[in-house]
Amino acid sequence: MASDAMDPRGDRASAHPPRRELRMRAISIVAIGFGLLTIKAGGTTLSGDAAAVVAAGNYVAFVLWFNFVAGFAYVVAGLGLWWRRRWAAWLAVAIAAATALVFAALGAHVAAGGVYEQRTVVAMVLRLAVWGAIAAYAWRQLVRERR
């Protein structure tokens with residue numbers, strides 16, 4: 001079996017080619033970094049920091065709370081991706097789906113005349129694109145390849 005092969009140093013050869021391994025590591029670093037930044041930004045605003053609240057402008061509370069809580073899921077998913085755990089792909093899919101649902105709720109809020117910042121819409125598009133891409137890649141690498 002290829003996964004049982006030994007390399008010249010006597011270590012088991014990786015079942016994953018180096019390029020795919022590096023790609024997954026890079027994606028996991030992006031997920032963790034994105035999560036830490038999200039936690040910091042959301043936490044600062046939610047804690048009532050005057051400068052952060054003013055800078056946030058007309059933020060939408062449910063979007064802010066979702067993003068803050070999701071930041072912790074981003075970090076957990078990133079760690080799971082680093083370790084190439086199958087559950088991390090499922091978590092990435094759940095994050096993407098939950099982000100899409102919150103984005104739809106934001107759309108309903110805006111359609112109903114609710115106040116919002118345009119940058120919130122841009123940020124949600126970015127979050128959905130990032131987590132959609134992470135979920136798709138993780139699914140292909142961690143779920144589909146093991147069937």
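In the chain, the convex hull through the Cα atoms has an average projected area of 10.5 nm², a quarter of its surface area.
Using 0.36 nm per residue, how much length does the chain from residue 133 to residue 101 gain when fully extended, once their Cα-Cα distance is taken away?
Answer, rounded to one decimal: 9.9 nm.
Classified by the C-alpha gyration tensor, segment 15-61 has a prolate form. Its axis ratio a/c, with a ≥ b ≥ c, is 1.5 or above, and a/b is larger than b/c. The length gained by stretching the chain between residue 143 and residue 72 to full extension, at 0.36 nm per residue less their Cα-Cα distance, is 23.3 nm. Per-residue surface analysis assigns residue 137 an accessible area of about 20 Å², computed on protein heavy atoms at 1.4 Å probe radius.
Across segment 104-110, coupling constants 3J(HN,Hα) worked out from phi with the 6.51/-1.76/1.60 Karplus curve, θ = phi - 60°, read 5, 5, 4, x, 5, 4, 5 Hz, and Gly and Pro carry x. Contact order, relative form, for segment 67-147: 40 percent (alpha carbon pairs under 8 Å, 6 or more residues apart, mean separation divided by residue count). Close amide-amide hydrogen proximity is noted between residue 60 and 117, each under 5 Å apart and 5 or more residues distant or on a separate chain (H modeled in the peptide plane; Pro and chain starts excluded). Among the trypsin sites (Lys or Arg not before Pro) in segment 9-105, those located in a DSSP loop and surrounded by at most 15 other Cβ atoms within 10 Å of their own Cβ are 9, 85. The alpha carbon radius of gyration of segment 38-90, expressed as a multiple of 2.2 N^0.38 Å, is 1.40. A 1.4 Å probe over all protein chains sorts 131, 65 by accessible area into 65, 131, starting with the largest.
The values are calculated or read from the model by the stated rules, or taken from the named source; none is laboratory data. Predicted model only: the values in this text are computed from it and were never measured. Virtual Cβ from ideal backbone geometry, glycine too; neighbours counted across all protein chains shown. For the accessible areas, the whole protein counts, side chains as well, though only heavy atoms, and no ligand, DNA or RNA atoms are used. Shrake-Rupley method; radii C 1.70, N 1.55, O 1.52, S 1.80 Å.
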